[in-house]
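Visitor: Attaching a single structure in structure tokens format; questions to follow.
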Amino acid sequence: EIPPLPPEVAEPPEAEAGLVTYDEFSRLDLRTATIMDAERVPNTDKLMKLSLLVGSERRQIVAGIAAHYTPEQLLELNRPIVIVANLKPARIRGIESQGMLLAATKGEKLRLVTVDGDMSSGARVK
């Protein structure tokens, strides 16, 4: 008979299977960003191309939010959004996306994660 593993090397219980550690979470570089320009990606129903200011850096993100926001609504937002700044760039419909914005969803409803109050673009989100 094989003896049980000591507690420090035992497998995590099933309830913890989807959990991340603090170290894993801290690898994400969450930043505030200001939307400078927004346009629908041609020939798509969901994609929007956003030009962002993240601190002093310009970035471009492609996001599946066009069914929920018009370009005009995004430009009138008047508050910083939150992005994952250290996500590996990807090409979406031939357009480079340099990060990912955060949004909350429930059913069919989607809302961008924003910061209330006065916060400059490029601030670290903790």
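The values are calculated or read from the model by the stated rules, or taken from the named source; none is laboratory data. This one's a predicted model, so the numbers in the text were calculated from it and none came from an experiment. FYI the Cβ positions are ideal-geometry reconstructions off the backbone, even for glycines, and counts take in every protein chain you see. Just so you know, the surface numbers come from the protein's heavy atoms only, side chains and all, with ligands and any DNA or RNA stripped out. Shrake-Rupley method; radii C 1.70, N 1.55, O 1.52, S 1.80 Å.
Visitor: Taking the criterion of being charged (D, E, K, R), surrounded by 10 or more Cβ atoms within 10 Å (Cβ to Cβ), modelled with pLDDT of 95 or more and in a loop (DSSP other than H, G, I, E, B), would at least one residue in the range 49-70 satisfy it?
Guide: Looking only at the range 49-70, we keep the residues that are charged (D, E, K, R), and these are 49, 57-59.
Adding the requirement that they be surrounded by 10 or more Cβ atoms within 10 Å (Cβ to Cβ) leaves 49, 57-59.
Now narrow it down to the ones that are modelled with pLDDT of 95 or more: 49, 57-59.
Those left that are additionally in a loop (DSSP other than H, G, I, E, B): none.
Looking through the range 49-70, none of the residues is charged (D, E, K, R), surrounded by 10 or more Cβ atoms within 10 Å (Cβ to Cβ), modelled with pLDDT of 95 or more and in a loop (DSSP other than H, G, I, E, B).
Visitor: Here's a follow-up. Counting just the residues of the range 93-126 that are in a loop (DSSP other than H, G, I, E, B) and free of Cβ contacts under 8 Å to residues at least 12 places away in the same chain, which one comes out farthest from residue 25 (Cα to Cα)? Write out each step before concluding.
Guide: Filtering the range 93-126 down to residues in a loop (DSSP other than H, G, I, E, B) leaves 93-94, 98-99, 102, 107-108, 113, 115-123, 125-126.
Those left that are additionally free of Cβ contacts under 8 Å to residues at least 12 places away in the same chain: 94, 107-108, 117-118.
Numbers: 94: 30, 107: 26, 108: 27, 117: 25, 118: 25 Å.
If we take residues in the range 93-126 being in a loop (DSSP other than H, G, I, E, B) and free of Cβ contacts under 8 Å to residues at least 12 places away in the same chain, then 94 is farthest from residue 25 (Cα to Cα).
Visitor: Answer with yes or no whether residue 36 is of a type outside the set (Ser, Thr, Tyr), touching a strand residue (DSSP E or B) at 6+ places or on another chain (Cβ under 7 Å) and open to solvent by 90 Å² or more (accessible area, probe 1.4 Å). Give the steps one after another, and end with the answer.
Guide: Numbers: of a type outside the set (Ser, Thr, Tyr): yes; touching a strand residue (DSSP E or B) at 6+ places or on another chain (Cβ under 7 Å): yes; open to solvent by 90 Å² or more (accessible area, probe 1.4 Å): no.
So residue 36 fails the test.
Visitor: Note down all Cβ pairs under 9 Å where the first residue falls in the range 68-92 and is under 19 Å from residue 55 (Cβ atoms), the second is exposed (fewer than 14 other Cβ atoms within 10 Å of the Cβ) and among the polar types (S, T, N, Q), and they're at least six residues apart or on different chains.
Guide: 80/120
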